[in-house]
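Enquirer: Just dropping this structure here.
Read-outs throughout are calculated quantities, based only on the coordinates presented, and are distinct from any laboratory measurement. What you see is a predicted model; the values in this text were computed from it and never measured. A quick note on method: Cβ atoms are made from the backbone with ideal geometry, for glycine too, and the neighbour counts reach across all protein chains shown.
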Amino acid sequence: MKAKIKVTLKNGVLDPQGKAIEHALGSMGFSGVNGVRQGKFFEVELAETDKAKAEVMLKQMCEKLIANTVIENYAIELA
Amino acid sequence: MNSAVLLFPGINREHDMVLALQRTTGKTPHVVWHTDTNLPAGTDLVVVPGGFSYGDYLRCGAIAARSPIMADVKAKAAKGLKVLGVCNGFQIVTEAGLLPGALVRNADLKFVCKEVRLRIENNQTFFTNKTAQGSIVSCPVAHGEGNYIVDAETLKRIEGEGRVVFRYVEGTNPNGAMNDIAGICNEAGNVIGMMPHPENMIEALHGKQDCVTLFESLLAA
């Protein structure tokens, strides 16, 4: 079973990398870019075949390691 | 005063820290490998030194914070063991949940390696008790992710409880940290984390010896 995990910064947490990308896009001539937020994307391959069990495990993985819930949100998608 | 210095793959400041502890406490610290599951018996102080544990993969300090030795550090810190995290060590103890908040990318995206000035905001801790409240020390910083952030409510609480231990002197904040915070302690005061490197400002060769008093504080604690 394959899972996709998206980790994004919480609202209000400054993202200087996103800001730098936003500025670069502007200087390249892309107008109308109102904001860029950078995040992380993970693909996790699991031996587990039970979807419900996989979801529980993935949630724990995110809470315990993959995301820092002080500053980040995560979203899990199971294929 | 028995100290231990933790060693993770990618840490590179452990020798400086061992020397600093040796010179000030007169005892050689145990260097403890990350896969060990127990600190040496009788350890009074654990120092998590600086460097780039696990190449800063995922988030600075994230993987080291989940290593076997940290489980013992966390359990013993809850019972009063003194823990000092410096630079990557601050990131590790914060990722481990021993201190509130997080350390994120410097606001201007640059790695900073320079001398800053720190004001002692709380001289009642195990690492500042030989310093004068409000006094200022010079200390080097060397980091790319030292921008301390925390939610508004917790910030108010740590400020109100005097848990900001070190603050960058106005105009010298090198990373955009909230309220110019350079170092904090936990509620009980037995865990301290700081981004600057006091172990690199203690002998003539360092140019200044401003941070000797910090290490001397360990003896009185």
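Enquirer: Restricting things to alpha carbons, find the Rg to Rh ratio for segment A:2-78 using the Kirkwood radius for Rh. Don't skip to the end; give the middle numbers.
Expert: Details: Rg = 15.9 Å, Rh = 14.2 Å.
Dividing the radius of gyration by the Kirkwood radius yields 1.12.
Enquirer: Just want the answer: with Cβ charges of +1 for Lys and Arg and -1 for Asp and Glu, which residue in B:Leu109, A:Phe42, B:Pro198 is farthest toward the dipole's positive end in the protein assembly as shown?
Expert: Of the options given, the answer is A:Phe42.
Enquirer: Among rounded, prolate and oblate, which fits segment B:124-221 when a ≥ b ≥ c are the square roots of the eigenvalues of its C-alpha gyration tensor, a/c under 1.5 means rounded, and a/b larger than b/c means prolate?
Expert: Cα axes put segment B:124-221 in the oblate bin.
Enquirer: Exposure proxy check: B:Ile63, B:Ile149, B:Ile192, B:Ile92 ranked by fewest other beta carbons within 10 Å?
Expert: B:Ile149, B:Ile63, B:Ile192, B:Ile92
Enquirer: Hey, in the GNM for chain A with a 10 angstrom Cα cutoff, which one of A:Lys40, A:Lys59, A:Lys51 fluctuates hardest?
Expert: Evaluated over chain A, the most mobile residue of the options is A:Lys51.
Enquirer: Rounded, prolate or oblate: which fits segment B:50-117, taking a ≥ b ≥ c as square roots of the Cα gyration tensor eigenvalues, rounded meaning a/c under 1.5, else prolate when a/b beats b/c?
Expert: On the way: a/c = 2.29, a/b = 1.65, b/c = 1.39.
Cα axes put segment B:50-117 in the prolate bin.
Enquirer: When B:Ser67, B:Ser138 are ordered from fewest to most other Cβ atoms inside 10 Å of their Cβ, what list results? Provide the component values of the computation, followed by the final result.
Expert: Working: B:Ser67 21, B:Ser138 18.
In order of increasing Cβ crowding within 10 Å: B:Ser138, B:Ser67.
Enquirer: Ok, one more. Relative to 2.2 N^0.38 Å, what does the C-alpha radius of gyration of chain B come to as a ratio? Two decimals please.
Expert: Working: Rg = 15.5 Å, N = 221, 2.2 N^0.38 = 17.1 Å.
Chain B yields a ratio of 0.91.
Enquirer: Expressed in nm², what is the orientationally averaged projection area of the convex hull enclosing the Cα positions of segment B:77-167?
Expert: Average of the hull's projected areas for segment B:77-167 equals 6.3 nm².
Enquirer: State whether the protein assembly as shown is rounded, prolate or oblate according to the following rule on the C-alpha gyration tensor (a ≥ b ≥ c being the square roots of its eigenvalues): a/c under 1.5 gives rounded; otherwise a/b larger than b/c gives prolate, and the remaining case gives oblate.
Expert: Because a/c hits 1.5 or more and a/b fails to exceed b/c, the protein assembly as shown counts as oblate.
Enquirer: Still on this structure, I have one more. Given B:Gly51, B:Phe127, B:Ala41, which one lies farthest toward the positive end of the charge dipole of chain B, if we put +1 on the Cβ of every Lys and Arg and -1 on the Cβ of every Asp and Glu?
Expert: Value: B:Ala41.
Enquirer: Can you give me the C-alpha center-to-center distance between segment B:26-47 and segment A:1-63, rounded to a whole angstrom?
Expert: 37 Å
Enquirer: OK, next. Please list, by residue number, every one of the chymotrypsin sites (Phe, Trp or Tyr not before Pro) in segment B:1-95 that is coil in DSSP and has at most 16 other beta-carbon atoms within 10 Å.
Expert: Counting only loop positions with at most 16 other Cβ atoms within 10 Å, the chymotrypsin sites (Phe, Trp or Tyr not before Pro) in segment B:1-95 are B:Tyr57.
Enquirer: When you look at the Cβ of every residue in A:66-73, what mean number of other chain Cβ atoms sits within 10 Å?
Expert: Neighbouring Cβ atoms belonging to other protein chains average 5 per residue here.
Enquirer: Still on this structure, please answer the following. When the dipole is taken about the Cα centre of chain B, and only Lys, Arg (+1) and Asp, Glu (-1) are charged at their Cβ, what size is it in debye, to the nearest 20? Each step should come with its number before you reach the end.
Expert: Details: 20 positive and 22 negative charges, 33 e Å.
Roughly 160 debye for chain B.
Enquirer: Comparing A:Ala54, A:Ala67, A:Ala24, which has the greatest mean-square fluctuation in the GNM of chain A with Cα pairs linked when under 10 Å apart?
Expert: A:Ala24
Enquirer: In segment B:166-221, how does Rg compare with the Kirkwood Rh, expressed as the Rg/Rh ratio over alpha carbon atoms?
Expert: 1.01
Enquirer: Among B:Phe127, B:Phe215, A:Phe30, what is the fewest-to-most ranking by other Cβ atoms within 10 Å?
Expert: By the 10 Å Cβ count, ascending, the order reads A:Phe30, B:Phe215, B:Phe127.
Enquirer: Do any trypsin sites (Lys or Arg not before Pro) in segment B:20-59 lie in a loop, going by DSSP, with at most 15 other beta-carbon atoms within 10 Å of their beta carbon, and if so which?
Expert: Answer in residue order: B:Lys27.
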